[in-house]
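The values are calculated or read from the model by the stated rules, or taken from the named source; none is laboratory data. These figures come from a predicted structure and were not determined experimentally. Don't worry about glycine lacking a Cβ; one is built from the backbone with ideal geometry, like all the others, and counts go over all protein chains shown.
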Amino acid sequence: MSDTPRPIVLSGIQPSGRLTLGNYLGAIKNWVPLSASYDCYYMLVDLHAITVRQDPAVLRERAFEFLALYIACGLDPARNVLFVQSHVPAHARLAWVLNCYTQMGELNRMTQFKDKSAKHVDNINAGLYSYPVLMAADILLYQAKAVPVGDDQKQHLELTRDIAQRFNNLYGPVFTVPEPMIPPVGARIMGLQEPTKKMSKSDDAETNALYLLDSPDVIVRKLKRAVTDTGNEVRYDINEKPGVANLMSILSATSGESFDSIVDRYNGQGYGKFKQAVADAVVACLEPVQAKYNELRSNDDYLRGVLRDGAARASAKADATLKRVHDALGFIPE
Ligand code: TYM
């Protein structure tokens, strides 16, 4: 990372469930080229993950798995700060402060909270409710200018901007007001079996999601069974043909081919050839990631070293912002 100040990018993923092609196309893939022009911070948000009950052994395993996948996807730890949220205490500390600058009315409007509380009726905890405030803290601590995420995080980003502006109006320019960075294709990959709902890490139905560690056979099988419709028209129409539109997005985002070219090539030929092309593109995209992952995953010492280094670099930046916040609020300097 160079010494001249560059704009900052930050993003994160919850180390729960298994990483999906949606996480890759909506987020990680777009993070990789950014280190050429930004200082990049990418987290595993374990504090967010515990808003839903996690098995401790599985959570730990997932965090290492996801870190190895970050690197296997092309995030070089020498060019990106890779760290675990709980290793940087400033996240929880700023989240508390920002809780006092967030209205319950704002949190009541968050659709992710509504969805998650409907799914986990026996555990609608306060952490789940104030989840977006912790996310705002994540972003504002690093003075991030841009936050590369999938479409589902847009509402959280808007809240983050509102909190930052509110705080700045009261105390002066303490925070950079961040912008979402949402990819034109791949920002909302839908389920293969339920193409009207987003593909999710925590999906119960194994065949609904493509996971980054799925073998080529499994990828081909899942895509062959993907829900389309009874026609044979390949065209992009989210309302009338959500299954086909989703497969077109996957093909375009993994191969770089435009929608027009996909239509020219596959329209009117039945879905078999089209689905095979989607499967080939996904396999070609994931094979090098899986090969690199297999090299890295067993190297625990290396992964722990990456996290130690990442936590130190992240803390330096985060602590500086927290100090500015505490000064602005009138807390006695430590
Ligand atoms: P999470 O863990 O649910 O998802 C991680 C990233 O993957 C994107 N994504 C998708 N993109 C396209 N299609 C899909 N089906 C799909 N599913 C997920 C998400 O938009 C996200 O970019 N709250 C965040 C984590 C977070 C965060 C942050 C992100 C915590 N703090 C600070 C940015 C900045 C979340 O739950 O993501």
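Which pairs do you get when a residue that is within 12 Å of the ligand (Cβ to nearest atom), found in segment 80-92, comes within reach of a residue that is modelled with pLDDT of 95 or more and part of a loop (DSSP other than H, G, I, E, B), reach meaning Cβ atoms under 7 angstrom, with the pair 6+ apart or on two chains?
Matching pairs, first to second residue: GLN85/VAL45.
In segment 4-14, is there at least one residue being within 15 Å of ALA144 (Cβ to Cβ) and modelled with pLDDT under 95?
Checking segment 4-14: at least one residue is within 15 Å of ALA144 (Cβ to Cβ) and modelled with pLDDT under 95.
Is there any pair linking a residue in segment 52-67 that is farther than 20 Å from ALA126 by Cα to one that is loosely packed, with under 13 Cβ neighbours inside 10 Å, with Cβ under 8 Å and at least six apart or on different chains, and which?
The qualifying pairs are PHE64/ASP300.
How about segment 95-118: which of its residues are within 13 Å of the ligand (Cβ to nearest atom) and either free of Cβ contacts under 8 Å to residues at least 60 places away in the same chain or within 14 Å of HIS48 (Cβ to Cβ) (or both)?
ALA95, MET110, THR111, GLN112, PHE113, ASP115, LYS116
Any idea which of VAL45, VAL52 is farther than 22 Å from LEU296 by Cβ, within 12 Å of the ligand (Cβ to nearest atom) and not polar (S, T, N, Q)?
Sole residue among the options that is farther than 22 Å from LEU296 by Cβ, within 12 Å of the ligand (Cβ to nearest atom) and not polar (S, T, N, Q): VAL52.
Among the candidates ILE139, ILE189, ILE163, single out the residue that is at pLDDT 95 or above, under 30 Å from LYS275 (Cα atoms) and surrounded by 22 or more Cβ atoms within 10 Å (Cβ to Cβ).
ILE189
Scan segment 163-222 residue by residue and report those that are of a type in the set (Asp, Glu) and either within 21 Å of ILE238 (Cβ to Cβ) or touching a residue at least 40 places away in the same chain (Cβ under 8 Å) (or both).
Hits for segment 163-222 are GLU194, ASP203, ASP214.
Considering only segment 142-160, state which residues are surrounded by 18 or more Cβ atoms within 10 Å (Cβ to Cβ) and near the ligand (Cβ under 10 Å from one of its atoms).
Those that are surrounded by 18 or more Cβ atoms within 10 Å (Cβ to Cβ) and near the ligand (Cβ under 10 Å from one of its atoms): TYR142, ALA144, VAL147, PRO148, VAL149, GLY150, GLN153, HIS156, LEU157, THR160.
Has segment 202-222 got at least one residue that is within 11 Å of the ligand (Cβ to nearest atom), assigned to a loop (DSSP other than H, G, I, E, B) and surrounded by fewer than 22 Cβ atoms within 10 Å (Cβ to Cβ)?
Yes; the residues of segment 202-222 include at least one that is within 11 Å of the ligand (Cβ to nearest atom), assigned to a loop (DSSP other than H, G, I, E, B) and surrounded by fewer than 22 Cβ atoms within 10 Å (Cβ to Cβ).
What's the total number of residues in segment 146-197 that are part of a strand (DSSP E or B), out of contact with any helix residue (DSSP H, G or I) (no Cβ under 6 Å at 6 or more places or on another chain) and either among the small types (Gly, Ala, Ser) or within 21 Å of LEU223 (Cβ to Cβ) (or both)?
The number of residues fulfilling the criteria is 1.
Can you tell me which residue within segment 71-82, out of those that are surrounded by 18 or more Cβ atoms within 10 Å (Cβ to Cβ) and within 16 Å of LEU296 (Cα to Cα), is farthest from the chain's Cα centre (by Cα)?
Applying the filter and picking the extreme gives PRO77.
If we scan segment 93-101, do we find a residue that is modelled with pLDDT of 95 or more and over 30 Å from LEU67 (Cα atoms)?
Yes; the residues of segment 93-101 include at least one that is modelled with pLDDT of 95 or more and over 30 Å from LEU67 (Cα atoms).
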